[in-house]
1. What's the total number of residues in region A:485-496 that are crowded, with 21+ Cβ neighbours inside 10 Å and not in a loop (DSSP other than H, G, I, E, B)?
2. I need the full set of residues from region A:497-516 which are part of a strand (DSSP E or B) and either surrounded by 20 or more Cβ atoms within 10 Å (Cβ to Cβ) or in the same structural domain as residue A:318 (by TED's automatic domain parsing) (or both), in order please.
3. Which one of the conditions (1) modelled with pLDDT under 80; (2) within 34 Å of the chain's Cα centre (by Cα) does residue B:84 fail to meet, given that it meets all the rest?
4. Any idea which of A:103, A:120 is under 14 Å from residue A:171 (Cα atoms) and of a type outside the set (A, V, I, L, M, F, W, C)?
5. Please go through (1) part of a strand (DSSP E or B); (2) under 23 Å from the mean Cα position of the chain (by Cα) for residue A:321 and return the number of the only condition it doesn't satisfy.
6. I'm trying to understand the selection: among the residues of region A:164-213, which are free of Cβ contacts under 8 Å to residues at least 24 places away in the same chain and among the small types (Gly, Ala, Ser)?
7. Find all pairs meeting these conditions: Cβ atoms under 7 angstrom apart; at least six residues apart or on different chains; first residue within region A:460-472 and touching a residue at least 60 places away in the same chain (Cβ under 8 Å) and charged (D, E, K, R); second residue surrounded by 13 or more Cβ atoms within 10 Å (Cβ to Cβ) and assigned to a helix (DSSP H, G or I).
8. Return a yes/no flag: does region B:36-55 have any residue that is away from every other protein chain (no Cβ under 13 Å) and assigned to a loop (DSSP other than H, G, I, E, B).
Amino acid sequence: MKLKYFLSGALLAIVLFLAACSGNGEEEVEAESQGEEESGEVEKDDKNLVIAQASDLVTMDPQDSLSTTGDRFFRNLNNRLFKRNPDMEIVPDLVESSENIDEETWRFKLIEGVKFHNGEDLTAEDVKFSLERVMTDDSLKEYPYFTQLKEVNVIDDYELEVVTDGPMPTIQHVLAKSGSGILPKDYVEEVGMEGFMEQPIGSGPYKFVEWKIDDKVVMERNEDYFGDEPTWDTVTIRAINEGSTRVGELLTGGVDLITDVAPNEWDRVENNEGTSLVSGESTRVMLLMNRMTEGTITADPKVREAIDLAIDQQAIVDSVLQGSGVPVRSRVPEGVHGSDPDLYDAYVHDPERAKELLEEAGYGDGFELTLTSPKGRYPMDGQVAELIAVMLGEVGIDVNLELLESGTFIEKYSNKDNEELIMIGLADGLLDASYSLVHYSIDRAAGQTDYNNEEIDQLFKEASRNLDKEERVEQFKQIQQTVAEERPHTFLYQSKVNYGVSDAIDFQPRLDENIIFDDVSVK
Amino acid sequence: MKKYITKRLLEIIPVLFIITFVVFVLMYHAGDPVAMMLPDEASQEDRENMREALGLNDPFIVQYGNFLKDISTGNFGESIRYNTQALPLVIERLPASFELAGVAMLVAILISIPLGIWSANKRNTVTDLFITGGSVLGKAMPNFWLGIMLILILAVNVQIFPVSGRGTLVHLVLPAITLGTSIAAEMTRLVRSSMLDTLGQDYIRTASSKGVPYFKVVVSHAFRNTLIPVITITTLQLSIVVSGSIITESVFQWPGLGLLLVQAVNARDMAVVQAAVFIIAILVIVVNLITDLIYVLIDPRIKYS
């Protein structure tokens with residue numbers, strides 16, 4: 001008997017549950033269709049921005065984060081001495097004026113009246129505390145960028161001096177990075193870094209509300225922000241790893257802006273009424289690293305030239321990437337300080353000449369080499385590698401294609417186990433050519449490409465300490481020209497990044513892939 | 001009885017020991033977490049510093065020894081991804097996973113038991129064919145595919161349910177159906193065959209011939225005796241719940257243990273993987289123990305000594 005009651009009770013429960021769910025649904029659908037009839041297009045009727053990105057933050061410590069996903073949060077929570085405007089120019093953020101006293105000393109005057117979210121004033125002491133933390137604690141991920149800073153001296157409440165170890169042309173670049181996010185000294189000393197991570201405080205336009213790991217970070221407007229009034233009441237950064245789910249949320253209006261839309265989802269986003277695909281440039285350049293170690297087949301400059309001539313970069317971009325890339329002949333794309341416009345949106349392709357070169361090099365009958373590529377690390381990476389293998393095959397190079405899972409791949413790369421060719425995408429976290437071109441210095445290339453050019457090495461060292469902006473750019477250009485000729489790397493293309501955006505908002509992608517909430521507006 | 005339970009509880013220790021060893025060896029050989037933590041552009045020196053700081057340069061036996069010493073005090077080490085203790089990270093995720101697994105299991109039971117009984121009673125009819133055929137289909141649909149399809153149909157095309165995330169009861173529906181379907185498919189077949197066994201027994205025929213109504217025969221005589229195998233089956237499904245929740249949670253961005261585990265594996269975050277596997281192992285063992293104890297309550301013939 002008891003069982004019968006149980007069964008009928010359960011049945012009733014299901015019926016009620018389903019009824020409740022479908023009831024809800026009908027209302028929603030109705031509301032949706034009504035909205036469309038009236039306006040004909042989507043509109044945003046609240047001031048709550050929801051962004052979904054492909055992975056969650058892993059820390060609330062701005063100085064221990066090197067990821068773009070993290071910086072999208074930190075940039076809106078914290079202020080730094082400098083920031084980048086949408087054109088990637090470095091402009092003052094907390095700094096009122098700056099002065100270069102001598103080659104190694106910089107004096108900064110801070111804006112007065114900036115307050116942290118707990119109401120305390122942001123002073124030179126906080127700046128000193130924050131910079132010294134990242135300069136000295138080598139367990140922090142941002143630490144490697146700050147090793148050239150020597151000391152920070154407070155002059156008065158709103159004035160301080162930063163001393164570098166030798167001339168540092170990239171000081172402003174570094175002071176605009178997330179490692180330079182200014183932390184509230186008193187608060188951190190009071191609650192400790194652990195306490196800070198639970199309730200992070202900055203001075204930026206948005207305040208921290210809550211973080212549910214692998215779900216979302218919620219922020220709300222800072223009414224007392226010293227700059228322009230913040231645009232949004234709340235901003236939610238959701239983490240949605242699965243690409244099709246992210247697109248699903250955009251299509252249903254659950255989120256306003258999604259990052260990293262894969263090529264197979266472009267049509268869904270583009271064809272849907274009320275959403276569009278927005279494509280932006282990134283600093284990431286896909287390239288083949290050529291091993292130039294003696295005894296390797298790719299040590300022969302003619303072979304490397306032949307490889308470059310055999311590959312049709314434009315065809316890769318047009319076919320596999322459906323236009324989501326720009327062919328390049330340098331690792332420093334346009335927009336990054338020190339780039340060479342002659343090597344941007346440029347490529348060389350001449351399979352006949354490639355065959356001749358191989359003939360001259362004594363490989364007329366063809367030869368075999370290994371190309372290692374990740375699969376699933378960058379958009380369409382496996383397909384690009386397959387296409388390259390075919391292109392090389394056409395000039396008589398028999399490619400042994402090795403496609404690896406992302407983790408295995410990066411291990412092979414970082415252990416310098418790369419064989420003749422390895423395909424990788426390298427970004428530039430500093431937006432300065434020095435960041436990319438260090439790869440061609442002898443120390444850095446050792447074991448990986450084994451590129452060894454004393455002249456380039458010397459030139460790079462000079463440029464790294466050169467405070468003369470124009471001369472420095474010329475030095476960088478010269479390095480890039482030589483590299484394009486000597487080919488320790490065979491450049492493929494600059495990757496574009498694709499966002500799915502609700503038509504109700506206005507969003508312009510940035511080269512650094514950051515999202516400044518107040519640069520996003522309601523249409 | 002007390003002795004039996006104590007014995008079973010003590011058995012957990014060697015099992016856990018073996019599990020920690022297997023997991024440690026697998027993760028040790030799975031690769032270098034440092035490569036994942038730093039961007040592609042990082043230099044060899046940066047990597048080396050980080051490896052040293054994390055104690056990854058110690059020999060295998062030292063690392064394993066340190067690991068055992070630590071976990072005996074409940075310290076699974078720090079997650080290299082989150083820089084916090086691994087065990088609390090895992091435990092924080094349990095409510096979300098329990099919620100999903102519980103509702104999915106409920107969905108599975110509510111679908112499979114009536115269908116299993118029904119198809120056993122209609123053996124070799126069209127209804128039976130549909131139900132068994134349907135369960136094959138349910139089993140054959142991969143979890144991630146079903147999840148994506150449900151999102152597409154019931155969340156995007158017809159906007160009834162939210163696409164992803166956790167919050168209200170409505171958020172639970174699609175993930176629970178996704179996870180529940182494959183369990184229900186398997187259970188339906190097992191309930192059916194177990195029911196068929198019971199229906200062939202003498203006492204069922206006796207009951208029928210005595211003139212007891214058929215519905216009553218099935219529900220109160222046959223079904224009660226089918227319960228033991230059904231409970232066994234239900235617990236056996238636990239492994240499907242665990243593996244299924246990893247996929248389901250990823251598709252629906254359900255912030256549970258499965259999602260944490262899959263991300264930890266991808267990032268080679270050993271401490272979190274170990275803590276998660278450890279907790280899952282304990283859960284499976286405990287549920288099995290509870291099942292054995294439930295037998296006693298249902299079937300007075302079973303006694304442990």
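1. Of all residues in region A:485-496, those crowded, with 21+ Cβ neighbours inside 10 Å come to A:487-495.
With the extra rule that they be not in a loop (DSSP other than H, G, I, E, B), the set shrinks to A:489-495.
Within region A:485-496, residues that are crowded, with 21+ Cβ neighbours inside 10 Å and not in a loop (DSSP other than H, G, I, E, B) number 7.
2. Let us first name the residues in region A:497-516 that are part of a strand (DSSP E or B), namely A:497-502, A:505-506.
Those that are part of a strand (DSSP E or B) and either surrounded by 20 or more Cβ atoms within 10 Å (Cβ to Cβ) or in the same structural domain as residue A:318 (by TED's automatic domain parsing) (or both): A:497, A:498, A:499, A:500, A:501, A:502.
3. Tallying (1) modelled with pLDDT under 80; (2) within 34 Å of the chain's Cα centre (by Cα), residue B:84 fails exactly one: (1).
4. On the way: A:120 fails: under 14 Å from residue A:171 (Cα atoms).
Exactly one residue qualifies, and that residue is A:103.
5. (1)
6. Matches in region A:164-213: A:192, A:195.
7. From region A:460-472, the pairs are A:472/A:463.
8. Kept after step one, since they are away from every other protein chain (no Cβ under 13 Å), are these residues of region B:36-55: none.
There is no residue in region B:36-55 that is away from every other protein chain (no Cβ under 13 Å) and assigned to a loop (DSSP other than H, G, I, E, B).
The values are calculated or read from the model by the stated rules, or taken from the named source; none is laboratory data. Nothing here was measured: the structure is a model prediction, and the numbers come from that model. A quick note on method: Cβ atoms are made from the backbone with ideal geometry, for glycine too, and the neighbour counts reach across all protein chains shown.
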